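Structure first, commentary second.
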């Protein structure tokens, strides 16, 4: 790893806003929502205080993983327009503070989860943090275009953690929800990486569009959408969710597939002409929110 | 005349101290609520 090029003003104590920015609050909202949905979809209820604490722990764990990711990737972030303004590459925060903040938050979130909910949920939370930091950030991201395929598993844990916090075990439905997010991650990130390809290329990150080109990436997006849609609808025919969820999942997945096919049909190389890719990226976030929202409504209706 | 840099250091220290105090207070309340919830589950 190379050193950060930006000058860090270490004499100044870190501003709390920069510490907050280390946790990637916008990404955290999706993590919290899927974790909450996993918890609410569980067949048994959880005490509201313990449920709130479990969700708080998922959020803090995600924040810790994000902080450690930014600590390790400060040199990469400095090379990309999209990330150059983050606290570390911009020189507003020193790396040691970020490391201490991330490690402290990780330990705190796991211990609190174990004490408030149960140690199965705490173990899965610890595994997800370690997976994101060690497997995705340190091992895969700079080495292989499969980085987000395998690394996507880290972001798929929250509904499993939410379910485990409520029930104390893991059954087929949370495994299907894990599979859904795991298969959703590649089309989501590849759509983004198509229109910020130059950023990744400049930083030397081997994202699929950089290594294999836009055409191969567009084909892979369409191919991953098929098993993703199957995983999304699967809880309905398996009797794990009702018709409301099943119809919503089918309709939402159909729109996803149509947008993925529009991406496949696009041959543009310049970001300005990549409207289908931008639409798919934006819709993919809405898709996950709507899908997990439908799961919770379906549980309420049952 | 005070150094503007000293003023900035004091401002940041004060903001962090206030945030830390609020977070610690929230944590104490949370641990209290968790304890009550766990005791209720045992009964």
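The values are calculated or read from the model by the stated rules, or taken from the named source; none is laboratory data. All of these numbers come straight from a predicted model, not from anything done at the bench. FYI the Cβ positions are ideal-geometry reconstructions off the backbone, even for glycines, and counts take in every protein chain you see.
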**OP:** Can you confirm whether region A:68-84 contains a residue that is assigned to a helix (DSSP H, G or I), within 14 Å of chain B (Cβ to nearest Cβ), over 17 Å from the mean Cα position of the chain (by Cα) and at pLDDT 90 or above?
**Re:** no
Original post:
Got a number for residues in region A:117-137 being under 18 Å from residue A:149 (Cβ atoms) and touching a helix residue (DSSP H, G or I) at 6+ places or on another chain (Cβ under 7 Å)?
Top reply: 7
Original post:
Which condition breaks for residue A:135 when tested against (1) modelled with pLDDT of 90 or more; (2) buried (at least 18 other Cβ atoms within 10 Å of the Cβ); (3) part of a helix (DSSP H, G or I)?
Top reply: (2)
Original post:
So which of A:105, A:115 ends up being out of contact with any strand residue (DSSP E or B) (no Cβ under 6 Å at 6 or more places or on another chain), surrounded by fewer than 20 Cβ atoms within 10 Å (Cβ to Cβ) and part of a helix (DSSP H, G or I)?
Top reply: A:115
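This table checks each residue for (1) in the same structural domain as residue A:274 (by TED's automatic domain parsing); (2) over 17 Å from the mean Cα position of the chain (by Cα).
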position	(1), (2)
A:159	no, no
A:178	yes, no
A:193	yes, no
A:229	yes, yes
Original post:
For region A:211-242, how many residues meet the condition of being free of Cβ contacts under 8 Å to residues at least 40 places away in the same chain and assigned to a helix (DSSP H, G or I)?
Top reply: 9
Subject >> Residues of region A:2-52 satisfying the condition of being in a loop (DSSP other than H, G, I, E, B), at pLDDT 85 or above and within 12 Å of chain B (Cβ to nearest Cβ) >> reply: A:45, A:46, A:47
Original post:
When you look at residue B:5, is it over 18 Å from the mean Cα position of the chain (by Cα), surrounded by 10 or more Cβ atoms within 10 Å (Cβ to Cβ), within 11 Å of chain A (Cβ to nearest Cβ) and more than 18 Å from residue A:56 (Cα to Cα), yes or no?
Top reply: yes
Original post:
If you check residue B:26 against the conditions, is it at pLDDT 90 or above, within 11 Å of another protein chain (Cβ to nearest Cβ) and more than 20 Å from the chain's Cα centre (by Cα)?
Top reply: no
